[in-house]
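The values are calculated or read from the model by the stated rules, or taken from the named source; none is laboratory data. Just so we're clear, the structure is a prediction, and the values are computed from it rather than from any experiment. Glycine gets a Cβ as well: all are built from the backbone with ideal geometry, and neighbour counts include every protein chain shown.
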Amino acid sequence: MKLTGNTILITGGGTGIGRALAEAFHALGNQIIIAGRRQAALDETVFANPGMASLTFDIADPVCIRSFATRAAADYPQLNILINNAGIMRAENLTAQPADLADAEAIVTTNLLGPLRLTNALLPQLQSQPYSAIMNVSSGLAFVPLTMTPTYCATKAALHSWTQSLRHQLKDTVTEVLELIPPYVATHLMSGASDPRAMPLADFIAEVMEILKSQPAVTEICVERVKGLYLAAATGKYDAIFQGLNAARYD
């Protein structure tokens with residue numbers, strides 16, 4: 001991935017991994033545009049990082065996504081990198097049989113349909129550049145699910161598969177396709193920010209940026225801490241890791 005001289009749009013860029021990525025790429029001299037629903041979070045991040053820009057939009061609204069993509073391309077004609085980072089995570093009890101599936105549907109809309117729709121809307125803009133890239137942020141839980149968050153894990157598994165297909169379809173074009181696969185990172189997604197078991201956000205971003213610098217052709221970005229999940233099936237440890245990940249929450 002080309003790390004400098006880019007104009008980068010990062011969804012969910014006001015907090016957590018999105019903000020940390022925005023600040024890391026901003027420090028390298030890239031033009032950064034963060035996008036999300038919460039104006040206050042975007043404003044706080046932009047204020048702390050002079051030169052960064054922000055745009056508000058609702059990733060759950062397909063009409064809004066289309067108009068947002070048109071506006072982003074018009075306001076930033078050099079836009080050449082899209083980082084699909086926005087996501088939500090909620091615990092679900094699949095045995096409770098709720099009257100509706102509002103939580104599951106919201107997760108699917110934000111975590112899966114959002115990146116698909118935004119990528120589709122911005123692909124002509126990205127393809128018009130001399131170089132462009134799409135980075136989709138999935139999760140180690142795409143490879144071994146945390147069963148208390150079933151729909152979140154399923155959307156990340158689907159995004160992983162879709163990213164592979166997108167990469168293959170764009171392999172002979174100007175657009176590079178990457179996947180960032182985080183472990184459990186200390187952010188405000190669920191209770192991670194206060195959990196000592198979570199990887200510190202600064203450590204995670206530092207390792208990610210080092211991978212990108214040292215391995216410019218990398219397509220799936222995995223820090224050491226996520227490799228147990230990422231390689232669980234390949235190493236024959238899937239059942240043990242699945243049980244270890246989930247037993248403490250249900251036994």
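Do you know which residues across region 176-196 are in a loop (DSSP other than H, G, I, E, B), over 14 Å from the mean Cα position of the chain (by Cα) and modelled with pLDDT of 90 or more? Walk me through how you get there before you give the answer.
Our first condition is that a residue be in a loop (DSSP other than H, G, I, E, B); within region 176-196, this holds for 181-184, 186-191, 195-196.
Narrowing the set further to residues that are over 14 Å from the mean Cα position of the chain (by Cα) leaves 186, 188, 190-191, 195-196.
Passing the criteria: only Ala186.
Total residues in region 146-172 satisfying the condition of being surrounded by fewer than 18 Cβ atoms within 10 Å (Cβ to Cβ) and among the basic types (Lys, Arg): the figure is 1. Applying a threshold of 6 Å to beta carbon distances and a minimum spacing of six or more residues, or different chains, the list of pairs starting in region 67-88 at a residue that is among the small types (Gly, Ala, Ser) and crowded, with 24+ Cβ neighbours inside 10 Å and ending at one that is at pLDDT 95 or above and in a helix (DSSP H, G or I) reads Gly87/Asn111.
What about Pro130, is it of a type outside the set (A, V, I, L, M, F, W, C), within 26 Å of Pro216 (Cβ to Cβ) and in a loop (DSSP other than H, G, I, E, B)? Criteria met by Pro130. Scanning region 174-218 for residues that are surrounded by fewer than 18 Cβ atoms within 10 Å (Cβ to Cβ), within 16 Å of Met135 (Cβ to Cβ) and polar (S, T, N, Q) yields one hit, Gln215.
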